[in-house]
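The values are calculated or read from the model by the stated rules, or taken from the named source; none is laboratory data. All values derive from a computational prediction rather than experimental measurement. Counting neighbours? That spans all protein chains shown, and the Cβs are built from the backbone with ideal geometry, glycine included.
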């Protein structure tokens, strides 16, 4: 597989939302798409929160009802709306009774600073557009818009200190059938970016030597169709297949609190492991299978050479492929009289690309990564990632990150803090266009998110970067991010 004034339509993340206490389906959480807001929920089996584009990272408890499918928008880093961590009423997680208060780090809450409907006109217009799309085309329609601004105290020679960006897009799903045995549908995603007060390029990550993006709410100035794929489930949804143009982070390396740049950590370094060289949007496929109630295995194979703005087949060959397998386990950790939800995801990958040093032939390499998240209180969750990647194809050869997020840390305000260290490779410098030697990088990020109105959230994001090999001894990047969902 981006600080920061972000008006995000419908990509709102980060509120505590009280949900009904009826049991929910469980699953090693994966999404089936990028558009509608229903989730595939097989009876008492791990489901992937619609693995399709970043919604739902938390698993749910079993429930004896027919499953449905949920899809999601996938921006620069994805929409992750159904990112839930639940607390069970019994130690060990054996009880099906869910506490009335459910943690949902991706769905807007109801407590707001301003009790006025600032966004009602646009909300009404969007609802009308969605209804028209459903009636005329039979497809769901979810528009979104985001804007970010940030400024760095120190940058590489000649690079700009400030950066403002706007992101806009829409996604949806055309459901063709939905039976007890499975579903069949087409998922689409449209996106685009533009600079605000400054050129789109270079992005902030390049300005401070980061091989990844310090603002992960980013895609390209070319507005277009970035995802279009077929998805189908079999065996009462225990087996799920997606094929078409897509991006790997939509299905792999998800995390309950470190996955969504709209409402969580903004830097791409905390949205995925920087040691995994996910390719851009391109042709590929993903197959997922629920081994048991709390255990899912999924594998993916993608074109590793697509530029993202094409049909997805450019540069594709037997040598230029990215393959990944993930084992996704959900567990319940006893904390006093409560069992709290957590996830452990182990990934192994292999990637082949054109030889970037000689321009002749190809090079390849592999890597492994571990991704963990865990609820430790009703409103607090922690995460950790550790990864290794081959120096010939990965932006970092070693990467470690950890942090926590707190809902309602202050009245109507969510906060998060994360720290990451990585060893940047020569390939990482080359791929990001930074003329520097390999070396160690330290990145720290803190954010706050104030719930101004039901669909409007605003807050600061502050990052600290230290990368001596790139000439950045210390740079503080400060900004503001506002999410608007409609």
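Does segment 287-299 contain at least one residue that is part of a loop (DSSP other than H, G, I, E, B), touching a strand residue (DSSP E or B) at 6+ places or on another chain (Cβ under 6 Å) and under 21 Å from residue 202 (Cα atoms)?
Residues of segment 287-299 that are part of a loop (DSSP other than H, G, I, E, B), as a first pass: 293-294.
Remaining after also requiring touching a strand residue (DSSP E or B) at 6+ places or on another chain (Cβ under 6 Å): 294.
Still in the running and under 21 Å from residue 202 (Cα atoms): none.
Checked against the condition, which is being part of a loop (DSSP other than H, G, I, E, B), touching a strand residue (DSSP E or B) at 6+ places or on another chain (Cβ under 6 Å) and under 21 Å from residue 202 (Cα atoms), segment 287-299 yields no hits at all.
Name the single residue that is surrounded by the fewest Cβ atoms within 10 Å (Cβ to Cβ) among those in segment 425-466 being in contact with a strand residue (DSSP E or B) (Cβ under 7 Å, 6 or more places away or on another chain) and more than 23 Å from residue 264 (Cβ to Cβ).
As a first pass, look at segment 425-466 and keep what is in contact with a strand residue (DSSP E or B) (Cβ under 7 Å, 6 or more places away or on another chain): 425, 428, 438-452, 455-466.
From the residues that got through so far, the ones that are more than 23 Å from residue 264 (Cβ to Cβ) too are 425, 428, 438-440.
On the way: 425: 25, 428: 29, 438: 17, 439: 17, 440: 14.
Looking at residues that are in contact with a strand residue (DSSP E or B) (Cβ under 7 Å, 6 or more places away or on another chain) and more than 23 Å from residue 264 (Cβ to Cβ), I get 440.
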Which condition number does residue 192 fail, the rest of (1) outside any strand (DSSP E or B); (2) surrounded by fewer than 22 Cβ atoms within 10 Å (Cβ to Cβ) being met? (1)
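Tell me, please, whether a residue that is touching a helix residue (DSSP H, G or I) at 6+ places or on another chain (Cβ under 6 Å) and buried (at least 18 other Cβ atoms within 10 Å of the Cβ) can be found in segment 216-226. Walk me through how you get there before you give the answer.
We begin by selecting, within segment 216-226, every residue touching a helix residue (DSSP H, G or I) at 6+ places or on another chain (Cβ under 6 Å); these are 216.
Still in the running and buried (at least 18 other Cβ atoms within 10 Å of the Cβ): 216.
Yes; the residues of segment 216-226 include at least one that is touching a helix residue (DSSP H, G or I) at 6+ places or on another chain (Cβ under 6 Å) and buried (at least 18 other Cβ atoms within 10 Å of the Cβ).
Let's see how each residue does on (1) modelled with pLDDT of 95 or more; (2) assigned to a strand (DSSP E or B):
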site: 376; (1), (2): no, yes
site: 407; (1), (2): no, yes
site: 423; (1), (2): yes, yes
site: 435; (1), (2): no, no
site: 451; (1), (2): no, yes
site: 458; (1), (2): no, yes
site: 475; (1), (2): yes, yes
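Results for (1) in a helix (DSSP H, G or I); (2) closer than 25 Å to residue 307 by Cβ; (3) modelled with pLDDT of 90 or more; (4) under 21 Å from the mean Cα position of the chain (by Cα), shown as yes or no for each residue.
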| residue | (1), (2), (3), (4) |
| --- | --- |
| 115 | no, no, no, no |
| 132 | yes, no, no, no |
| 148 | no, yes, yes, yes |
| 171 | no, yes, no, yes |
| 181 | no, no, no, no |
| 202 | no, yes, no, no |
| 212 | no, yes, yes, yes |
| 218 | no, yes, no, yes |
Going through 393, 386, 400 one at a time, which residue ends up being modelled with pLDDT of 90 or more, in contact with a helix residue (DSSP H, G or I) (Cβ under 7 Å, 6 or more places away or on another chain) and farther than 22 Å from residue 152 by Cβ? 393
Please determine whether any residue of segment 322-332 is part of a loop (DSSP other than H, G, I, E, B), buried (at least 21 other Cβ atoms within 10 Å of the Cβ) and in contact with a helix residue (DSSP H, G or I) (Cβ under 7 Å, 6 or more places away or on another chain). no
Would it be correct to say that residue 252 is surrounded by fewer than 17 Cβ atoms within 10 Å (Cβ to Cβ), in contact with a strand residue (DSSP E or B) (Cβ under 9 Å, 6 or more places away or on another chain) and part of a loop (DSSP other than H, G, I, E, B)? no
Qualifying residue in segment 357-366 (condition: modelled with pLDDT under 95, farther than 30 Å from residue 319 by Cα and touching a strand residue (DSSP E or B) at 6+ places or on another chain (Cβ under 7 Å)): no
Based on this model, can you work out whether residue 284 counts as in a strand (DSSP E or B), surrounded by 24 or more Cβ atoms within 10 Å (Cβ to Cβ), modelled with pLDDT of 90 or more and touching a strand residue (DSSP E or B) at 6+ places or on another chain (Cβ under 7 Å)? yes
